[in-house]
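Notes to accompany the following structure.
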Amino acid sequence: MVKIIFLGPPGSGKGTYSSRIGPELVIPHISTGDLLRNEVKGDSELGKKAAEYMNKGNLVPDDLVIEILKKRVEKPDCERGFILDGFPRTLNQAKALDKITNIDMVINLYLPDDILITKLSGRRVCRNCGDNYNVTDIKDDERGIYMAPLLPKKEGVCDKCGGELYQRDDDKPEVIKERLEVYYQKTKSLIDYYTEKGILKQFNVNAVPDIMVPKILKLIRSG
Ligand code: AMP
């Protein structure tokens, strides 16, 4: 039983890592971004409200996100634990989470801003299953960061389900800048919060997921 949070700026790989590490540990990967996008797709009342914030790169109000998250972690598949991706994003959400459940470990993914912007601009997502790809090729000898593109076998088509790949509205350059600013203003305080609790682990991302995933698993298994 392990309950993990992945923290880190947009583009640091929270979604990719949690979706690959969840199955390894046989626990679900819960992304509030995905939960919200599903509401938007289904055109629910909550989805309509959330879309106004999401399209601008702003955070959806805490009460909406906390409600959605609480419902999800109360489902039976979360009994053995879970990985949270994109939640909490504010101190208020972290405190609400403490009332819902106990977190064992927080992994803070780090990547420099300029690399994040390049990576996010190159992200392509499957409209159907949410699988992630990337068309950018990052080779930074000075900082030792190497990220080859993660391309689908057929251009524009998801390998897993055959769905159409697209660029999220909030992965466009103007919105990316806003999302990073929001992250630094609101989400960074969480690093202090979980450091004080003694459960934060730092992880520098400097290569592609095939290389990073075993290292993150080792970090998790080392307790
Ligand atoms: P993500 O897929 O995690 O990058 O989230 C996409 C967008 O969904 C964010 O830019 C926010 O607008 C919204 N969102 C996701 N998770 C949260 C959260 N925990 N609190 C507030 N807004 C969120």
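Please treat every number below as a calculation from the coordinates, not as lab data. Owing to the predicted nature of the structure, the values given are computational and were not obtained by experimental measurement. Heads up, the Cβs are rebuilt from the backbone with ideal geometry, glycines too, and the neighbour counts pull from every protein chain shown.
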Under Stokes-Einstein, the stretch 100-220 at 10 °C and 1.306 mPa s, with its Kirkwood radius over C-alpha pairs, diffuses with a coefficient in µm²/s of 97 µm²/s
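Based on other C-beta atoms within 10 Å, arrange 26, 60 from fewest to most. Write out the running numbers ahead of the final one.
On the way: 26 9, 60 20.
Fewest to most other Cβ atoms nearby, the residues stand as 26, 60.
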For the stretch 147-188 the trypsin sites (Lys or Arg not before Pro) that pass both the DSSP coil test and the at-most-10 other-Cβ-within-10 Å test are 153
One finds the C-alpha centres of the stretch 66-133 and the stretch 144-178 to be spaced, in Å, by 18 Å
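Which whole-number percentage describes the relative contact order of the stretch 62-202, with Cα contacts under 8 Å and a sequence gap of 6 or more? Kindly include the intermediate steps, with their values, before the conclusion.
Numbers: 138 pairs, mean separation 38.3, N = 141.
Relative contact order comes out at 27 percent.
Tell me, in nm to one decimal, what length is gained between residue 52 and residue 70 on full extension, where the rule is 0.36 nm per residue of separation less the Cα-Cα distance?
Numbers: separation 18, 0.36 × 18 = 6.48 nm, distance 2.19 nm.
So the chain would gain 4.3 nm between residue 52 and residue 70.
Distances over 28 Å make up what percent of all Cα-Cα pairs in the chain?
Numbers: 6411 of 24753 pairs.
Summing the P(r) tail past 28 Å for the chain gives 26 percent.
What's the longest bit of the chain with no exposed GluC sites (Glu not before Pro), using DSSP loop states and at most 12 other Cβ atoms within 10 Å as the test?
Values: sites that count: 74, 79, 142, 155.
No qualifying site falls inside 1-73, the longest such stretch.
Please give the contour-minus-distance gain from residue 210 to residue 189: 0.36 nm per residue of separation, less the Cα-Cα distance, rounded to one decimal in nm. Kindly include the intermediate steps, with their values, before the conclusion.
Numbers: separation 21, 0.36 × 21 = 7.56 nm, distance 3.00 nm.
In short, 4.6 nm is gained.
Between residue 127 and residue 95, what length in nm is gained on full extension when 0.36 nm per residue of separation is reduced by their alpha carbon distance?
8.2 nm
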Surpassing 25 Å at the alpha-carbon level, of the pairs 71/201; 49/197; 3/215; 71/172; 177/218, are 71/201; 49/197; 71/172; 177/218
Dividing the helical contributions, -39500 (n - 2.57) per DSSP H run of n ≥ 4, by the residues of the chain yields a 222 nm value, nearest 500 deg cm²/dmol, of -12500 deg cm²/dmol
Computed over the Cα atoms of the stretch 1-91, the Rg and Dmax in Å are 13.1, 37
